[in-house]
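Asks: I'd like to ask you about the structure that follows.
The values are calculated or read from the model by the stated rules, or taken from the named source; none is laboratory data. Being a predicted model, the structure only gives us computed values, none of them experimental. For neighbour counting, all protein chains shown are included, and Cβ atoms are generated from backbone atoms with ideal geometry for every residue, glycine included.
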Amino acid sequence: MNIKVCVGSSCHLKGSYDVIQALKDVLKKYDVEDLVELQASFCLGHCAKGVNVKTDGIAPEKAEKSYTALTDGTLLLHNVTKDNAEEVFVREIYPLIEI
Ligand code: FES
């Protein structure tokens, strides 16, 4: 699975590099570093809802306003911060990882 953290100018100002570090720590904590590739991305087109994090899959039964299901079948998580990165990971990303 791939996780792409937006490092466009708006998300950068909202702390995307802190989010990347927080997600690195979370991937290590949950021992899924080998299963998830963490990448930086250019602007994902939802700047007002940054920091945005794009994943490979959709979890349709999950929270309503915390993500956008994109037309390419991916999931765009909104308002991710270093402080809620673990919560977002556990709620939205971890269930999608094929262990
Ligand atoms: S800068 Fe992150 S979505 Fe535009």
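Asks: Return the residue satisfying two criteria in turn: it lies in segment 1-40 and is assigned to a strand (DSSP E or B) and among the polar types (S, T, N, Q), and of such residues it is nearest to the ligand (Cβ to nearest atom).
Replies: Taking the candidates together, the pick is GLN39.
Asks: Within 16 Å of the ligand (Cβ to nearest atom), in a loop (DSSP other than H, G, I, E, B), over 12 Å from the mean Cα position of the chain (by Cα) and of a type in the set (A, V, I, L, M) - does that describe any residue in segment 70-84?
Replies: yes
Asks: Can you report the number of residues in segment 28-42 which are among the hydrophobic types (A, V, I, L, M, F, W, C) and touching a residue at least 60 places away in the same chain (Cβ under 8 Å)?
Replies: Looking only at that region, the number is 3.
Asks: Turning to a different aspect of this structure: How many of the residues making up segment 48-67 are at pLDDT 80 or above and crowded, with 16+ Cβ neighbours inside 10 Å?
Replies: 8
Asks: Which condition number does GLY57 fail, the rest of (1) in contact with a Leu (Cβ under 8 Å, 6 or more places away or on another chain); (2) closer than 16 Å to ALA85 by Cα being met?
Replies: Unmet condition: (2).
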